[in-house]
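Peer 1: Take a look at this one; I'll ask things after.
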Amino acid sequence: MFFSGDPSTRKRVDLGGRSSKERDRQKLLEQTRLERNRRLRLRQQNSAAIKIQKCFRGRRAVKAEHSRVREEFHETYGSHCQKVDRNAFGPDSDFLRQLLYFFNAEYVGDFLALAQTCRLIQQFVQDDGDTVRLFSGRDYPSKFALVNYRVKKLAYACIHAVHLEQVGSCYLLQRNAFTLFREIILTGKENANICLLNQKVSSLERVLAVGISHIGQKPCICTNVDPRLSFSSQILTVPFLWHLFPYLKEVFATQGVSQHYIHQMATCVQSHTHVLPGDLSTEFPSYACLLGNIFETAGIALSQPACSLDMAIDLAAVTTYLLEALPSMKTSNKESSILAEDDLNEGDEVMEEALNGELEQQICNAIDSCFLLQLTNVLFRGISLVNGSQLGPDDKEVAAVGAVCGFLHVTFSKLQPERIMTVLAYRTELVPVLWNFMKQCHENKKWSSLSERLAYLSGDAPGWLLPLAVFCPVYKHMLTIVDNEEFYEQEKPLLLKDIKCLIIILRQALWQLLWVNPTTTSTNSVKPVTNGSASRRQPLELIQHSVSIVASDLLSQLQDWNNRQQFTSPTDFHADGVNDFFISQAATENTRANDILNQAPFLIPFTSRVKIFTSQLAAVRSTHGSHADAYNRFRIRRDRILEDAYNQMSALSEDDLRGPIRVTFINEFGVEEAGIDGGGIFKDFMENITRAAFDVQYGLFKETADHLLYPNPGSGMIHEQHLQFFHFLGTLLAKAMFEGILVDIPFATFFLSKLKQKYNYLNDLPSLDPELYRHLIFLKHYEGQISELELYFVIVNNEYGEQTEEELLNGGRNLRVTNENVITYIHLVANHRLNFQIRQQSSHFLRGFQQLIRKDWIDMFNEHELQLLISGSLDSLDVDDLRWNTNYAGGYHPEHYVIEMFWEVLKGFSLENQKKFLKFVTGCSRGPLLGFKYLEPQFCIQRAAGSASEEALDRLPTSATCMNLLKLPPYRSKDQLETKLLYSINADAGFDLS
C-alpha cells in the first residue's frame, strides 16, 4: 500500500499447497463448463422455439383449414343443414366427413349443425327403418370400416358436445341416455383405438359423472325413472367398469351417490323386480358384472365415517341377492358343479355356468379381510355384547344380524369359506354378537317372532335357522384353533355356562330339522335353476339341510371337548324325543331315524346305539354262519401265537373272515390241548393274540405318558413288512369287535380318530406329547419377537437314536418363524406329530379294519365311545349284575349254601382275580358292554359232583367257555371254595381244566 523502499515483488504463496498454475487450470475448466452449458441452453431454447412455432403454425393452418371446410360445408349444405337429404349420409358423400373434420363443440354453429344432423338421422331412420343402409348404401360389407369409423366419431362428437354444453342430467335420464351410453362403452371396449375411452378423463366419463352425482340436487325430476333404464342397470353391469373409468369410480364411491344407487337396487331386490339387461355372454352375465363393480367400490363406501347402518344393510341385501345367482366358485370341490347322474331325468340338460376367470377373480378378491371387517363393523356398530333387554333384540339389531347372516351364508356356499373363516373368527365380533343375539332370543322365547322380521328368509322359516347357518361354521373353525387353556380355564371365546346353553339350542334345532319337521327334499334332488339372472333364490330346504350339517359338526366337536374334560353332563347331547319306536326305526336302513343315526348319532343314548350296533353285527354273522360246518380251523402254537395267527389269518378272504373260526392250541410239547372250540377257545385266542400283537415290546406300537397305544412312527426301522403287520392288526381288532369280544387295548384318542378318518388338531397333542404342547402354547402367547428365537419351519424326528430333519413347508429350512406366521407354524407342528408321522401305519390299519367293520357303523360313536366298544368299561366287575343274570343247574339254585358262599368269595376277589375268573368261565376277561344280561349264552353254574364225597371235594372247578358254564363242586367251607377257585383261575392250564 505504501512504498517500503524494496523494489522487488514479493512472491505470492498459496497456504493450501497448490501452485498458481494449478489454480489457473481449474478456473479455465470451470469457465469452459459454464460456456458449454450456456451454449446448450441456447440450443434448447432455439429448439423449443422452433417446436412452438411449428405447433402454432400447424394449429393455425388446421384452424384455417377447419374454417375453409366449414365455409364450404355451409355453402354446400346450408348453415343449418337445410340442404341435406338422406343421400348425404352415404359413404360417397362429403357431408359427414366434413362435419366430423371441423366440428368444435365450443362453436354454437357447429353444435346446432350437429343437433340438426342427429334430428335428420332420427327422421330418416324412422321413415326407412334401416339404419345401416343410411350410412353404407347398398354395399355394406365393402364399406364396413368406413361406416364403423364414421359412426364412432359421430358418437364421440355427440358425447363431447353434451359434456361441454352440460345438458341437464334429468333431460338425459328421461331420454334413456344410459342405455345409449352402455352401447357406446361396449363398442369402445371392442375397439381399443377409439379415443372415447383412451383419454385420461374422457368426455363420456365426465358426462356419466355429472349424470350420477346430481342425485338429490334441485330441481330434479328423474326420481321416477324406470330402474331398467337407470345407471345401476345399464352402466354398472358393464364388465370391469372402474378399470375403464377410474374417475367415475371416485365419484360413485362418495357417500350420497353410492347410497342412493345401492338403495335403489335394494328396493328392486325386495320387490323381486328384474331390472338387469341381457347378458353379454355366458362368461359375462349381467348380475356377475354388477356384483363385481359393486364389490370394488363397497370398501370405499363402508370406510367413510358417515356410512350408515341402512347403507350397510342395503349393500348386504344387494350383494347377497346377486351372489345367490352365481355358480359355485369352490374350485377345489369338483363335485359342487356336477350333478349326479342318478339325479338326472331323461331329457334333462346340464347347464354348466362358467364365469370369466378375471371376473371371478374380481369377485373373490373383493371379499377379503378388509371388506369383511368394514361390513361387520358398520353393521354391528352400537350392538351391545352383553345381555340386552328382557324383551329380546330390537328391530335394528335384527336387521343387522339378518343382513350379515344372509350375506355370509350365501358367501360360504359360493366361495371357499376357509379363506375368510379365520378373519371372521378372530378379527371381527361375529361370534360374540351372534351368540348374544341367539341367547336373547332363546331366553326370551323370541324365535317365532324373529322369523317374520328377518328379511332374507320367508316367514315360515324358523327364526334360529339363519343365525345358526353362520354361527356354527365360524365357531367350529374357532374351536380348531383355540387351545385347552383358553377353552377350559380362560373360557374363551364363550363361557362354559354359555356353551351348555348353546348345546341345548343346537340339540333342539337339530331335532326339529331332522325329526319333527324334516326337509321333504334331499340335497341331491334340489336343482337350482341356472338362468343367468339374479332372480334365483336358494330353496329353504337347502338352507335347512346346510344348517343340519353344520350344527351336527359343531355338536360333535363340543362333545369331543366334553370328553377331554367334562363340563356338562353327557346326557345334554341326547334328544328328548328318542323312544323305543325311534330306536327300532334307527336300526332299519333308509328310514328317517336311521338317517339321524348316521348324521347326528350323539342325539341317541350310547346304550341304544350299542344295541343297534350289536344287532347289525349279529345280522351279518348270521348270514355268514348259517352253515354250521363252514368254518376255518387255526392251529396255533402258544409260544408262536403271533406268527401263526398272522400267516393263517392273512390267507383268509374277506368272506372267510366274516365266518366262524375254530382254534386248536398246541402246547409247548407240540401236543393239542384238550377242549373243543365252541367259541370259548376262540375268545381266549383273540385275547392272547391281541395282547401279544399290541405289546409295545414288539415295536409296532408305542405308549403315551398315560400308557395309551398309538402306531410307532419308526416301525419301519424294526420290521421290514411293518405295513402288512398293521393291516393284519386292523383286521384282528375288527374281528374281535365283529365277534363281540372285548379286548384290553387302551388306544390313544388321536389314533382312534384315524379309525373315524378324522383330522387331529392342536388340542389333541397333549395326549401324545404334553411337553411339546406346552412349548407350542408358550410360542402362541409369547409377547416378544419370536424371530429372535431362531426357529424355522422344520421339525426334527428322533427314532431309535437316528435324527432326521423334515421341512414343514417347501423351503421351510430358510423360512423363519415370526409373530405373523407363528400360528401356522404351531398347527403344522401339531399336524406333523398327530397326522403326518403315522399316516402310513394308520392307513394300512384302517384298510384291514374296514374289511369287517363298516365305516357307517363306526361313525355312530365318538372316540371315547369307540374305546368302550373295544375294551368295555374300566370300572370294576359288577358282581351283582352277574348274579342277577345267572342260571343254575345240577341241583343248584340261588339260595343254595354253596352258591351263597360262591358269590361272597367272588365279591371279595381283587379286580385282577375277578377278571381272571371271568376269562376262566367265558374266555374273555371283560364282560359285555351293556351288562351280563347280554352275555350269550347266559352264565350258568352247574353242580360238578352228585355227592359231597371227599373225592368230589378234592376236584377243582372247571369250565366250558363255549357255554359260559362253571362246573362247581359242592365245597363245604368258604375257605375251601376260595382256595380251589383261585388255583383254577391262576393255573394257566389252557383248556386242560375245561
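Peer 1: If you take the residues of region 814-843 that are in a loop (DSSP other than H, G, I, E, B) and among the aliphatic types (A, V, I, L, M), which of them is surrounded by the fewest Cβ atoms within 10 Å (Cβ to Cβ)?
Peer 2: Per the stated criteria, the residue is Leu815.
Peer 1: With the condition being surrounded by fewer than 15 Cβ atoms within 10 Å (Cβ to Cβ) and out of contact with any strand residue (DSSP E or B) (no Cβ under 9 Å at 6 or more places or on another chain), I'd like the helices (runs of 4 or more DSSP H) fully within region 907-988 carrying at least 3 qualifying residues.
Peer 2: Fully inside region 907-988 and qualifying: 974-985.
Peer 1: Now for a different question. Out of all the residues in region 240-266, which are outside any helix (DSSP H, G or I) and either of a type in the set (A, V, I, L, M) or surrounded by 18 or more Cβ atoms within 10 Å (Cβ to Cβ) (or both)? Show your work before the answer.
Peer 2: Within region 240-266, the subset outside any helix (DSSP H, G or I) is 240, 245, 254.
Selection gives Phe245 alone.
Peer 1: Name the one entry in Lys143, Lys83 that is more than 23 Å from Leu180 (Cβ to Cβ) and surrounded by 14 or more Cβ atoms within 10 Å (Cβ to Cβ).
Peer 2: The match here is Lys143.
Peer 1: I want to confirm something. Restricting to region 711-727 and keeping residues that are assigned to a helix (DSSP H, G or I) and open to solvent by 80 Å² or more (accessible area, probe 1.4 Å), which single residue is farthest from Glu643 (Cα to Cα)?
Peer 2: The qualifying residue farthest from Glu643 (Cα to Cα) is Met717.
Peer 1: Another question about this same structure. Please enumerate the residues belonging to region 777-799 that are closer than 27 Å to Gly716 by Cβ and of a type in the set (A, V, I, L, M, F, W, C).
Peer 2: Within region 777-799, Phe793, Val794, Ile795, Val796 meet the criteria.
Peer 1: Does region 33-68 hold any residues that are at pLDDT below 90 and β-branched (Val, Ile, Thr), and which are they?
Peer 2: Of everything in region 33-68, just one residue is at pLDDT below 90 and β-branched (Val, Ile, Thr), namely Val62.
Peer 1: I'm trying to understand the selection: among the residues of region 223-242, which are over 15 Å from Leu208 (Cα atoms) and modelled with pLDDT under 90?
Peer 2: Across region 223-242, the qualifying residues are Thr223, Asn224, Val225, Asp226, Pro227, Arg228.
Peer 1: Now for a different question. Please specify each residue of region 592-607 satisfying the condition of being β-branched (Val, Ile, Thr) and assigned to a loop (DSSP other than H, G, I, E, B).
Peer 2: Ile604
Peer 1: Right, another one. What is the one condition in (1) in a helix (DSSP H, G or I); (2) open to solvent by less than 50 Å² (accessible area, probe 1.4 Å); (3) not hydroxyl-bearing (Ser, Thr, Tyr) that Leu852 does not satisfy?
Peer 2: Going through the list (1) in a helix (DSSP H, G or I); (2) open to solvent by less than 50 Å² (accessible area, probe 1.4 Å); (3) not hydroxyl-bearing (Ser, Thr, Tyr), Leu852 breaks only (1).
Peer 1: Please give the number of the condition Ala630 fails out of (1) farther than 15 Å from Glu739 by Cβ; (2) at pLDDT 90 or above.
Peer 2: (2)
Peer 1: Restricting to region 735-748, count the residues that are over 19 Å from Asp656 (Cβ atoms) and either open to solvent by less than 10 Å² (accessible area, probe 1.4 Å) or modelled with pLDDT of 95 or more (or both).
Peer 2: 4
Peer 1: Then there's this: Collect the residues in region 602-619 that are of a type in the set (A, V, I, L, M), more than 14 Å from Asp859 (Cα to Cα) and buried (at least 16 other Cβ atoms within 10 Å of the Cβ), keeping them in residue-number order. Can you show your working first?
Peer 2: Taking region 602-619 and keeping what is of a type in the set (A, V, I, L, M), we get 603-604, 610, 612, 617-619.
Cutting the leftovers down to more than 14 Å from Asp859 (Cα to Cα) gives us 617-619.
Residue satisfying the conditions is Leu617 alone.
Peer 1: I want to confirm something. Restricting to region 749-762 and keeping residues that are assigned to a loop (DSSP other than H, G, I, E, B) and in contact with a Ser or Thr (Cβ under 6 Å, 6 or more places away or on another chain), which single residue is most open to solvent (accessible area, probe 1.4 Å)?
Peer 2: So, considering only residues that are assigned to a loop (DSSP other than H, G, I, E, B) and in contact with a Ser or Thr (Cβ under 6 Å, 6 or more places away or on another chain), the one most open to solvent (accessible area, probe 1.4 Å) is Tyr761.
Peer 1: Another one. Could you identify the single residue in Ser286, Ser303 that is under 18 Å from Lys249 (Cα atoms), at pLDDT 80 or above and small (Gly, Ala, Ser)? Walk me through it before giving the result.
Peer 2: On the way: Ser286 fails: under 18 Å from Lys249 (Cα atoms).
It is Ser303.
Peer 1: Does Thr282 count as farther than 23 Å from Glu183 by Cα and either open to solvent by 10 Å² or more (accessible area, probe 1.4 Å) or without any contact (Cβ under 8 Å) to a residue 40 or more places away in the chain (or both)? If you could, list the steps in order and put the result at the bottom.
Peer 2: Working: farther than 23 Å from Glu183 by Cα: no; either open to solvent by 10 Å² or more (accessible area, probe 1.4 Å) or without any contact (Cβ under 8 Å) to a residue 40 or more places away in the chain (or both): yes.
For Thr282, the condition - farther than 23 Å from Glu183 by Cα and either open to solvent by 10 Å² or more (accessible area, probe 1.4 Å) or without any contact (Cβ under 8 Å) to a residue 40 or more places away in the chain (or both) - is not met.
Peer 1: Within region 702-721, how many residues turn out to be closer than 20 Å to His832 by Cα and touching a Ser or Thr at 6+ places or on another chain (Cβ under 8 Å)?
Peer 2: Quick first cut of region 702-721, residues closer than 20 Å to His832 by Cα only: 702-705, 708-717.
Then drop every residue that is not touching a Ser or Thr at 6+ places or on another chain (Cβ under 8 Å), which leaves 704, 708, 710-711.
Count: 4.
The values are calculated or read from the model by the stated rules, or taken from the named source; none is laboratory data. From a predicted model like this one, the values you see are computed outputs, not experimental measurements. Cβ: placed from backbone, ideal geometry, glycine included. Neighbour counts: every protein chain shown. The accessibility values were calculated without ligands, DNA or RNA, using every heavy atom of the protein model including side chains. Shrake-Rupley method; radii C 1.70, N 1.55, O 1.52, S 1.80 Å.
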